[in-house]
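**Q** Mind having a look at this structure? Questions to follow.
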Amino acid sequence: MKRVDYLPPAYLLDQVELTFQIFATHTLVSSHLSFRKNPEATAGALILDGDGLTTLSVRLDGKLLGAADYQLTPTTLTIGGVGEKALLEVLTRVDPAANKALSGLYQSSTMLCTQCESEGFRRITWFPDRPDVMAPYRVRLEAEKSDCPVLLSNGNRVESGDLSEGRHFAVWEDPFRKPSYLFALVAGDLELLHDTFTTASGRKVDLSIYTEHGSGSRCVWAMESLKRAMKWDEQAYGREYDLDVFHIVAVSDFNMGAMENKSLNIFNTSAVFASQEKTVDQAFIGVEAIVAHEYFHNWTGNRITCRDWFQLTLKEGLTVFRDQSFTQDLHSRAGSRIDDVTVLRSAQFAEDQSPMAHPIRPEEYEAIDNFYTVTVYEKGAEVIGMLKTFLGPPTYRKATDLYFDRHDGQAVTCEDFVKCMEDASGRDLTQFRRWYSQAGTPLAKARSVHEAATKTWTLTLAQSFPTHPANLPVPMPVRLGLLGADGRELPLNAAGDTEVVLTFDRAEQTFVFANVDEPPVPSLFRHFSAPIRLETDLTDADLAFLLAHDTDGFNRHESGFTLKKQDLLARIEAQKGGRPSPKTGLLVDLLGGVPGDPKLSPDLKARLLSLPTQSYLEQVCDPVDPLAIDRALAQTRLELAKALQPGLRAAYSAHHRVAGAGFPTDAEMADRAMKNLALGLLGELRTEDVYDLAATQYRAATNMTDRLAALRVFRDTDRPERAELLDDFYRRFRGDKLVIDTWFAFQSSADVPRILEQMALLEQHSDCELTNPNRVRALYGSFGRNTTGFHRVDGEGYRYQARAIVKIDAFNPQIAAGLTRVFQGWKRCAEPYLSLQKAALESLAARADLSANVAELVGKYLG
Ligand code: ARG
Ligand code: ZN
């Protein structure tokens, strides 16, 4: 599929009526589709999409069609000679219990549910399964009352009642026109958590979260998060909820995090359950963000949707930007930004350097599911953030208001969105549009000089795209501040502003500032104002100065990050050359005071004492020696632990608090983050007293954050406590799928010599249910990120992963494709990793039975 080949649909839909007759062994789906010729289309037959359907009958305008009246291929149903209007009635039969791809209508535990984005609806019935065909839906569900007392679909329930033979029915009507990917149904015996929300205009909305029985109490945090999100969207974007009911259903078997189906969001249990006993603090913030994300889609995605899937970032980039802003408003602004940038740099920069690099609006694809990427989502969010920075908050709000006004009820393009930004601001965004069409991470270089005689300070910026040299320059907002020798901010213009936003849009550009009395230290790209790599001429002393004085919370941390990165790079080089490592003198000087610094918040302390991720360091090394990076990280941690030992021990005690009842507060989470960071570093010392401390913390733990952090100290060891506590963990939580995922992931990510024997044991474990995507991610996904296991120099890690991909691909291509991504960086690796990964990929490519999803990735990687 190519973006430029877009054609409007030949027929539009005025109304969709569906009836689902649910039986234990199968489901009958009958559809009534009222078509109308699209005046904007050139011509063409009526063509519907399908996938794996058993077609029982087809009627056109009431007349039963014979096999000669239409053409059927495995993926299309074509009917010629259709007039201006037509009523098509199709009866299909599907088998939800046999659907292990978890796309379309499927069974998860005892409930039936759906996942239709992007192309799952065609696995339910024949349909023009594309987002620019929108219609109101009326859906009738019929099922056995005892198995499925709860019957849900989109919109309002308008009818329900009993049928004969213990069956019952419900009819749902969604007044808002929507594309098929937003269709949903759920049927099962479910527990309900109920609440209400009153909108700004005073309408009362019923909020319901459904789960399997026994789990309702785990959704209270999600419910609170939902209400916070509804309120925030009213204030920040002026968007109210538009129906009287809003449902969330928690499902155990789910390919992704969650799905924004109109008024019937379906969630992976991992994205909605949260309780202190079973959920780590970070996941509380994650649940809140995902609940908000899916809710925000009601306006950015549902009311205004995408014309075609190349426009995916229109809804995803914007909605991620909205959920990130929400989290920043509710929690530490700098802290959340640091965490988001860590993800961007670890995962998106990696994708941008891989053969799968693509613009946020891709030009072509084989399997659209492969393009729900960190580039479309996270870099897409950065692009919206840059627009907001350029326009300024009030104008940005004017522009989003215009967007909602102009395009409500439509399926539109990224271009339509940018046009609203342009029209509302009067700014010419012609060049800005390059962010939508160019792949690759820009590299910006900054140098500056101060001239005492003229009191001028001159900043020179240069930009390039090392991985995509043909790219043209892009406009970047440079949020800038200048610090004087005493740490005070200097005025940057006559108005006395201490922070300005520069527009940096040429290959090389110079900015001159007058009346700068003293040589300043610049704080550049504050709050990470553009998604780029930055190289500067700042000295270590300048960076240390910024670390101490910068008023921008993000950049304070960033200066420390740059120093840690430089130190690690020197160490990695030494590792590769077999030379003795440089001592971490600088790092110790820099970070030595952090644990005891009363001016730093505990969460910032924890972030400052964390090292750049393995995945990030792989992006800045060339070629990549994954094991050398792993060793450099381990050595640095050990040296820091040794040098900072007294401070870390003191911090451990100072931040150790008994967890309060109820949900974790930001202050409690911050204390736990610092305490457990200290425990983790001290664990590197491998001393008896630290092992005792960890075992004691594990046994006394009342929350999952403390319990896991304590267990983590033993993960890469052969201490007796490891087996003992792991066993305790299993017995304590057996039967609880999500927590047992943690137990699997813990073992698959261990740095232990016999990791493959360990994996074999886990695969034989009675809980190793590979049809459950969370379990697959816990087992094989974690192994793929296990540096010493995956990158074994005998190549066994790669071969193991390739076999796992084939095994999963046989029934769930989307999940198999996710596992395949661990190979995306192979071409940048040094030997022997390079040839061994190539061989594993070639063994995959040689198979005739790969899914389109996995085949597309393998093909692109081998390129
Ligand atoms: N729209 C969903 C979300 O971001 C994710 C759907 C993912 N779909 C897929 N085919 N991978 O909230
Ligand atoms: Zn989304």
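**Q** Looking at this structure, is G301 in contact with a Cys (Cβ under 9 Å, 6 or more places away or on another chain) and within 16 Å of ligand 2 (Cβ to nearest atom)? Steps first, please.
**A** Numbers: in contact with a Cys (Cβ under 9 Å, 6 or more places away or on another chain): no; within 16 Å of ligand 2 (Cβ to nearest atom): yes.
No.
**Q** Which residues, taken from segment 293-333, are open to solvent by 10 Å² or more (accessible area, probe 1.4 Å), away from ligand 1 (no atom under 13 Å from the Cβ) and under 22 Å from P136 (Cα atoms)?
**A** W299, R303, R307, D308, listed by residue number.
**Q** V501 is checked against (1) closer than 21 Å to G385 by Cα; (2) assigned to a loop (DSSP other than H, G, I, E, B) and fails just one. What number does that condition carry?
**A** With (1) closer than 21 Å to G385 by Cα; (2) assigned to a loop (DSSP other than H, G, I, E, B) applied to V501, the lone miss is (2).
**Q** Evaluate the following for P8: is it assigned to a loop (DSSP other than H, G, I, E, B), open to solvent by 30 Å² or more (accessible area, probe 1.4 Å) and without any contact (Cβ under 8 Å) to a residue 24 or more places away in the chain?
**A** It is false that P8 is assigned to a loop (DSSP other than H, G, I, E, B), open to solvent by 30 Å² or more (accessible area, probe 1.4 Å) and without any contact (Cβ under 8 Å) to a residue 24 or more places away in the chain.
**Q** Which residue is farthest from the chain's Cα centre (by Cα), if the candidates are limited to segment 708-759 and must be acidic (D, E) and closer than 15 Å to R785 by Cα?
**A** So, considering only residues that are acidic (D, E) and closer than 15 Å to R785 by Cα, the one farthest from the chain's Cα centre (by Cα) is D716.
**Q** Of all residues being more than 15 Å from ligand 1 (Cβ to nearest atom) and acidic (D, E) in segment 361-394, which is nearest to R821 (Cα to Cα)? Just the residue, please.
**A** The selected residue is E364.
**Q** When you go through (1) under 21 Å from R631 (Cβ atoms); (2) free of Cβ contacts under 8 Å to residues at least 40 places away in the same chain; (3) assigned to a helix (DSSP H, G or I) one by one for A709, which number turns out not to apply?
**A** (1)
**Q** Shifting gears a bit: Consider S146 against the criteria (1) hydroxyl-bearing (S, T, Y); (2) assigned to a strand (DSSP E or B); (3) open to solvent by 50 Å² or more (accessible area, probe 1.4 Å): it satisfies all of them except one. Which criterion is unmet?
**A** (2)
**Q** On the given criteria, is M704 over 27 Å from G789 (Cβ atoms), of a type outside the set (S, T, Y) and open to solvent by less than 10 Å² (accessible area, probe 1.4 Å)?
**A** The answer is no for M704.
**Q** With the requirement that a residue be within 16 Å of ligand 1 (Cβ to nearest atom) and open to solvent by 20 Å² or more (accessible area, probe 1.4 Å), what does segment 338-360 give you? Even if it seems obvious, please write down each step before you answer.
**A** Of all residues in segment 338-360, those within 16 Å of ligand 1 (Cβ to nearest atom) come to 340, 343, 347-348, 351, 356, 358, 360.
Within segment 338-360, D340, V343, A347 qualify.
**Q** Taking R571 as the residue in question, decide whether it is open to solvent by 10 Å² or more (accessible area, probe 1.4 Å), in a helix (DSSP H, G or I) and modelled with pLDDT of 90 or more.
**A** no
**Q** For segment 538-548, does any single residue satisfy the condition of being within 30 Å of T375 (Cβ to Cβ), touching a helix residue (DSSP H, G or I) at 6+ places or on another chain (Cβ under 7 Å) and in contact (Cβ under 8 Å) with a residue 60 or more places away in the chain?
**A** Yes, some residue in segment 538-548 is within 30 Å of T375 (Cβ to Cβ), touching a helix residue (DSSP H, G or I) at 6+ places or on another chain (Cβ under 7 Å) and in contact (Cβ under 8 Å) with a residue 60 or more places away in the chain.
**Q** Residues V412, V376: which one is over 30 Å from P602 (Cα atoms), under 14 Å from the mean Cα position of the chain (by Cα) and open to solvent by less than 40 Å² (accessible area, probe 1.4 Å)? Show your work before the answer.
**A** Numbers: V412 fails: under 14 Å from the mean Cα position of the chain (by Cα).
It is V376.
**Q** Can you find even one residue in segment 230-246 that is more than 22 Å from D408 (Cα to Cα) and buried (at least 21 other Cβ atoms within 10 Å of the Cβ)?
**A** Here is the first cut: in segment 230-246, the ones more than 22 Å from D408 (Cα to Cα) are none.
No, the conditions are met nowhere in segment 230-246.
**Q** Considering only segment 788-801, I want to know if a residue exists there that is touching a Pro at 6+ places or on another chain (Cβ under 8 Å), more than 27 Å from Y106 (Cα to Cα) and polar (S, T, N, Q).
**A** Within segment 788-801 (the criterion being touching a Pro at 6+ places or on another chain (Cβ under 8 Å), more than 27 Å from Y106 (Cα to Cα) and polar (S, T, N, Q)), the answer is no, since none of the residues qualifies.
**Q** Sticking with this structure for a sec: Cβ-Cβ under 7 Å, sequence separation 6+ or interchain: first residue in segment 165-182 and under 16 Å from D242 (Cα atoms), partner assigned to a loop (DSSP other than H, G, I, E, B) and among the hydrophobic types (A, V, I, L, M, F, W, C). Which pairs?
**A** Sorted first by the residue in segment 165-182, then by its partner, the pairs are R177/M134; K178/M134.
**Q** Looking at R397, is it open to solvent by 30 Å² or more (accessible area, probe 1.4 Å), part of a helix (DSSP H, G or I), closer than 15 Å to R307 by Cβ and away from ligand 2 (no atom under 16 Å from the Cβ)?
**A** no
**Q** If I go through segment 342-394 residue by residue, how many of them are within 16 Å of ligand 2 (Cβ to nearest atom), part of a helix (DSSP H, G or I) and aromatic (F, W, Y)?
**A** The qualifying residues number 2.
**Q** Same structure again: Test V280 against the criterion of being out of contact with any Pro (no Cβ under 7 Å at 6 or more places or on another chain), within 24 Å of F733 (Cβ to Cβ), among the β-branched types (V, I, T) and more than 11 Å from ligand 1 (Cβ to nearest atom), and give yes or no. If you could, list the steps in order and put the result at the bottom.
**A** Numbers: out of contact with any Pro (no Cβ under 7 Å at 6 or more places or on another chain): yes; within 24 Å of F733 (Cβ to Cβ): yes; among the β-branched types (V, I, T): yes; more than 11 Å from ligand 1 (Cβ to nearest atom): yes.
Yes.
**Q** Is at least one residue of segment 112-121 more than 36 Å from the chain's Cα centre (by Cα) and outside any strand (DSSP E or B)?
**A** Looking for residues that are more than 36 Å from the chain's Cα centre (by Cα) and outside any strand (DSSP E or B), one finds none in segment 112-121, hence no.
**Q** Might you let me know whether segment 97-109 holds any residue that is within 16 Å of ligand 2 (Cβ to nearest atom), closer than 19 Å to G50 by Cα and in contact with a helix residue (DSSP H, G or I) (Cβ under 9 Å, 6 or more places away or on another chain)?
**A** Quick first cut of segment 97-109, residues within 16 Å of ligand 2 (Cβ to nearest atom) only: none.
Checking segment 97-109: not a single residue is within 16 Å of ligand 2 (Cβ to nearest atom), closer than 19 Å to G50 by Cα and in contact with a helix residue (DSSP H, G or I) (Cβ under 9 Å, 6 or more places away or on another chain).
**Q** Taking segment 659-692 as the search range and keeping residues that are over 29 Å from the mean Cα position of the chain (by Cα) and of a type in the set (S, T, Y), which one is least open to solvent (accessible area, probe 1.4 Å)?
**A** Y691
**Q** Here is a further query. Could you check, for segment 300-308, whether at least one of its residues is among the β-branched types (V, I, T), without any contact (Cβ under 8 Å) to a residue 24 or more places away in the chain and closer than 28 Å to E415 by Cβ?
**A** The answer is yes; a qualifying residue exists.
**Q** Looking only at segment 246-258, filter to residues that are in contact with a Leu (Cβ under 8 Å, 6 or more places away or on another chain) and more than 16 Å from ligand 2 (Cβ to nearest atom); which one of those is nearest to V776 (Cα to Cα)?
**A** Quick first cut of segment 246-258, residues in contact with a Leu (Cβ under 8 Å, 6 or more places away or on another chain) only: 246-249, 253-255.
Remaining after also requiring more than 16 Å from ligand 2 (Cβ to nearest atom): 246-247, 249, 253.
Numbers: F246: 31, H247: 28, V249: 22, D253: 11 Å.
The qualifying residue nearest to V776 (Cα to Cα) is D253.
**Q** Take V512 and tell me if it is touching a helix residue (DSSP H, G or I) at 6+ places or on another chain (Cβ under 6 Å) and of a type in the set (V, I, T).
**A** no
**Q** If the requirement is being within 19 Å of T787 (Cβ to Cβ), assigned to a helix (DSSP H, G or I), modelled with pLDDT of 95 or more and not hydroxyl-bearing (S, T, Y), which of these qualifies: L617, L611, L677?
**A** Details: L611 fails: assigned to a helix (DSSP H, G or I); L677 fails: within 19 Å of T787 (Cβ to Cβ).
Checking each option against the conditions leaves just L617.
**Q** I would also like to ask the following. Could you look through segment 609-620, keep only residues that are open to solvent by 10 Å² or more (accessible area, probe 1.4 Å) and hydrophobic (A, V, I, L, M, F, W, C), and pick out the one that is nearest to S559 (Cα to Cα)?
**A** For segment 609-620, the residue satisfying everything is L611.
**Q** Of all residues in segment 748-791, how many are in contact (Cβ under 8 Å) with a residue 24 or more places away in the chain and more than 19 Å from Q814 (Cβ to Cβ)?
**A** The total comes to 16.
The values are calculated or read from the model by the stated rules, or taken from the named source; none is laboratory data. Since the structure is predicted, the reported quantities are computational estimates derived from the model, not experimental observations. A quick note on method: Cβ atoms are made from the backbone with ideal geometry, for glycine too, and the neighbour counts reach across all protein chains shown. Protein only, heavy atoms only, side chains kept; ligands, DNA and RNA dropped before computing areas. Shrake-Rupley method; radii C 1.70, N 1.55, O 1.52, S 1.80 Å.
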